[in-house]
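Undergrad: The structure follows.
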Amino acid sequence: MLVLLAGIFVVHIATVIMLFVCTIANVWVVSDIGQASVGLWKNCTSGSCTDTLSYGGEDALKAVQAFMILSIIFSVVSLVVFVFQLFTMEKGNRFFLSGATMLVCWLCILVGASIYTHHYANGSKNHYQQSHHGYSFILTWICFCFSFIIGVLYLVLRKK
């Protein structure tokens with residue numbers, strides 16, 4: 001049981017770190033022609049980044065930014081609640097609060113990544129017609145899977 005708790009804790013920390021990286025890094029879409037990439041915050045071309053995104057004022061991008069920040073907050077809160085419950089909860093109880101918080105994080109990642117995929121991942125709005133997904137975009141979907149697995153495990157897990 002201790003090994004399972006330690007494994008879940010390590011995966012949860014890895015998920016938090018990956019959420020920070022994918023939200024902060026500006027490599028959501030990468031151009032196949034030249035060295036250019038676009039993120040949630042900046043447009044980077046040949047090593048220099050500018051704050052001006054061609055679609056920076058759109059509500060869809062602001063929603064993606066907000067949901068990704070919320071996912072980080074809920075993931076960190078879930079981790080703190082898990083550690084708190086680990087030391088204060090009676091034996092036989094389940095980690096409902098940490099599981100529910102992690103599932104809210106999962107939902108925020110789902111909404112944010114889905115909005116970005118629908119509006120910006122095809123290259124039409126970022127002016128890179130020949131482009132592919134960057135590591136931040138892929139990390140977001142990996143975090144989506146990990147947060148769902150962690151949330152369900154918290155809900156099912158009993159403290160023994």
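Undergrad: Considering (1) without any contact (Cβ under 8 Å) to a residue 40 or more places away in the chain; (2) under 17 Å from the mean Cα position of the chain (by Cα), say which one G34 fails and leave the rest.
TA: (2)
Undergrad: Check off (1) in contact with a Ser or Thr (Cβ under 6 Å, 6 or more places away or on another chain); (2) at pLDDT 80 or above; (3) not polar (S, T, N, Q) for L61 and give me the number that stays unchecked.
TA: (1)
Undergrad: Between a first residue in segment 141-160 that is over 16 Å from I72 (Cα atoms) and a second residue that is among the hydroxyl-bearing types (S, T, Y), which pairs have beta carbons less than 8 Å apart while being 6 or more apart in sequence or on different chains?
TA: Y154/S78; Y154/S98
Undergrad: Yes or no: segment 78-90 includes at least one residue that is farther than 30 Å from L157 by Cα and at pLDDT 80 or above.
TA: Within segment 78-90, the first condition is being farther than 30 Å from L157 by Cα, and the residues that meet it are none.
Checked against the condition, which is being farther than 30 Å from L157 by Cα and at pLDDT 80 or above, segment 78-90 yields no hits at all.
This table checks each residue for (1) touching a Lys or Arg at 6+ places or on another chain (Cβ under 9 Å); (2) surrounded by 16 or more Cβ atoms within 10 Å (Cβ to Cβ).
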site	(1), (2)
M1	yes, no
L5	yes, yes
A14	no, no
I17	no, no
V21	no, no
V29	no, yes
Q35	no, no
K42	no, yes
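Undergrad: Mind checking which pairs have a first residue in segment 72-96 that is open to solvent by 60 Å² or more (accessible area, probe 1.4 Å) and a second that is hydroxyl-bearing (S, T, Y), Cβ under 9 Å, 6 or more apart or different chains?
TA: Final answer for the pair search is F74/T101; F74/S147; V77/S98; V77/T101; V80/S98; F84/S98; R94/Y154; F96/Y154.
Undergrad: Restricting attention to segment 115-134, and to residues there that are surrounded by 15 or more Cβ atoms within 10 Å (Cβ to Cβ) and either modelled with pLDDT of 90 or more or at positive phi (or both), which single residue is farthest from the chain's Cα centre (by Cα)? Steps first, please.
TA: First pass over segment 115-134, keeping only residues surrounded by 15 or more Cβ atoms within 10 Å (Cβ to Cβ): 115-117, 119-121, 123, 125-126, 128, 131, 133-134.
Next, from what is left, pick out any that are either modelled with pLDDT of 90 or more or at positive phi (or both): 115, 123.
On the way: I115: 13, G123: 21 Å.
Filtering first and then ranking leaves G123.
Undergrad: Considering every residue within segment 50-60, establish whether at least one is surrounded by fewer than 19 Cβ atoms within 10 Å (Cβ to Cβ), out of contact with any strand residue (DSSP E or B) (no Cβ under 7 Å at 6 or more places or on another chain), in a helix (DSSP H, G or I) and free of Cβ contacts under 8 Å to residues at least 40 places away in the same chain.
TA: Residues of segment 50-60 surrounded by fewer than 19 Cβ atoms within 10 Å (Cβ to Cβ): 50-52, 54-60.
Now restrict to residues that are out of contact with any strand residue (DSSP E or B) (no Cβ under 7 Å at 6 or more places or on another chain): 51, 54-60.
If we keep only those that are in a helix (DSSP H, G or I) too, we end up with 59-60.
Then keep just the ones that are free of Cβ contacts under 8 Å to residues at least 40 places away in the same chain; that gives 59.
Yes, segment 50-60 contains a residue that is surrounded by fewer than 19 Cβ atoms within 10 Å (Cβ to Cβ), out of contact with any strand residue (DSSP E or B) (no Cβ under 7 Å at 6 or more places or on another chain), in a helix (DSSP H, G or I) and free of Cβ contacts under 8 Å to residues at least 40 places away in the same chain.
The values are calculated or read from the model by the stated rules, or taken from the named source; none is laboratory data. Since we're looking at a predicted model, the values are computed, not measured. With ideal geometry, Cβ positions are generated from the backbone for all residues, glycine too; neighbour counts draw on all protein chains shown. Remember, those area values only see protein heavy atoms, side chains included, never the ligands or the DNA or RNA. Shrake-Rupley method; radii C 1.70, N 1.55, O 1.52, S 1.80 Å.
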